[in-house]
């Protein structure tokens, strides 16, 4: 039997092309791979560069198909197997930084290494300023309103004393809530930092930093700083995931960043 890789319809062996999709059939469903578009390039020369870059980075499933863009121009679309998608997107960030002076971001589909902010003092300082302002202003406004309601002061007309009092109390409550938020944020920050230090130590206990490039048998001389960063980060993240250090991708990326900055390269 033969199968269509697009609609997965089953055909007799003597049929070579799917009648509905007009694509070549494959011999087994196991030969069907889910593909995702990686990027678009304009020339065969660029296709070769991208495929070579992927293969150098141990991503072997890249393939190019001819197509036309929205302007009717002839282009090449490079696809990657779904299973290789995560690795390929990271690897290709290095390619873009190496080959493209002004890359068209609409043609690239990359996930950045999002990390955890372990040094959040500046954020806490801003929150502290906010809650102090709410408490100070709210307290002053509430006092003015109350004093006018008690006829100690006579500077607010009509219902303004009541409005001032209500607004002042509201501001005070907002300040109190903001302060509790700051305390929670500080506690989370401390817990994240402690967990990060623990997991980072587990990593360096298992993998010696000085032997990283030798362990992975990689040559960094051919890569510029951008390509080097993404290639090494990808390898470090893989090792962290292999160790099951954390289920939080941000924590994994944060550990990988510190490992990368600690490497002697």
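The values are calculated or read from the model by the stated rules, or taken from the named source; none is laboratory data. Quick caveat, the model's predicted, so the values are computed rather than measured. So basically every Cβ, Gly included, is an ideal-geometry build from the backbone, and we count neighbours across all protein chains shown.
Residues in region 228-245 that are surrounded by 18 or more Cβ atoms within 10 Å (Cβ to Cβ) and over 13 Å from residue 260 (Cβ atoms): 1 in all. Take residue 96 and decide whether it is outside the structural domain of residue 256 (by TED's automatic domain parsing), outside any loop (DSSP other than H, G, I, E, B), at pLDDT below 75 and closer than 15 Å to residue 234 by Cβ. Judged against the criteria, residue 96 is a match. The residue of region 13-43 that is nearest to residue 82 (Cα to Cα), among those that are exposed (fewer than 11 other Cβ atoms within 10 Å of the Cβ) and at pLDDT 80 or above, is 27. For region 107-145, a tally of residues being in a helix (DSSP H, G or I) and modelled with pLDDT under 55 returns 5. The combined condition, being in a loop (DSSP other than H, G, I, E, B), at pLDDT 80 or above and either within 20 Å of residue 237 (Cβ to Cβ) or not assigned by TED's automatic domain parsing to the domain that holds residue 228 (or both), is not fulfilled by residue 75.
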